[in-house]
Amino acid sequence: MSEVWLLNNLRALWFSMVLPILLAGLGLLLAFGPDNGRLWVRVAGAALAVCALFAVAQLVLQLRRPRLSYRDGFMLVNLRPGAPIRVPIEIVEGFLLGQGPSFLPGRNYRGTETTTLVIRLADAATDWADVAGIKPDLGKWCGGYITIRGTWCEPLSVSLVNRLNQRLAEVQADLQAVKVAP
């Protein structure tokens, strides 16, 4: 079981479920509602309901997938589809609060910025300096820094960054104690 360090933006995920839930309801109404004598309407309604319920299921899975978590000596980073990226906790130096582009859609948001969480990795860990495949909307990974956009995670604050740094120090100290113990 992983220890959650940073959640997704739960408000955005819950809000994004509204349309698929409404479409699923409409599809179920068309598929199983009053008999209108047209088979194609029932089939189209059932197909709409299945697709919408699949979208809801995908969003529910995202609710359970944190942006950052910790397990067995690795920080798990979820900034791309598929399995999380397992970063050895020894190379994580700390967490910082930053500012960066929000990447929100629409002309009104083109120049807006959001708070970011910046994770500093050790200079000696050159294999981890740049990782490809990161979704730009979620963050960036280059030059030994992982940047997580605040748009798509829980609200970022100084107290959250302090808590993450404190937990990082505890985890790294525990790992050092295990290595030193005979």
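Throughout, read-outs are computed from the coordinates displayed, never taken from laboratory work. Keep in mind that what you see is a predicted model, and the values were worked out from it rather than measured. All Cβ positions, glycine included, derive from the backbone under ideal geometry; neighbour counts span all protein chains shown.
Details
- Among residues other than residue 125 with Cβ under 10 Å from its Cβ, the summed charge is -4 (Lys and Arg +1, Asp and Glu -1).
- Charges were assigned to the Cβ only: +1 to each Lys and Arg, -1 to each Asp and Glu. The resulting dipole of the chain about its Cα centre is roughly 600 debye.
- A P(r) calculated from all alpha carbon pairs of the range 1-90, with 10 Å bins opening at zero, reads 17, 32, 21, 16, 10, 3, 0 percent.
- Cα-based helix-to-principal-axis angle, 39-63 vs the chain, degrees rounded to 10: 20
- Given (i) 86, 30, 29; (ii) 76, 46, 30; (iii) 48, 40, 26, the label whose value is Cα extents along the principal axes in Å derived from this model: (ii)
- Angle between the chain longest axis and helix 18-32 axis [Cα atoms, degrees, rounded to 10]: 30
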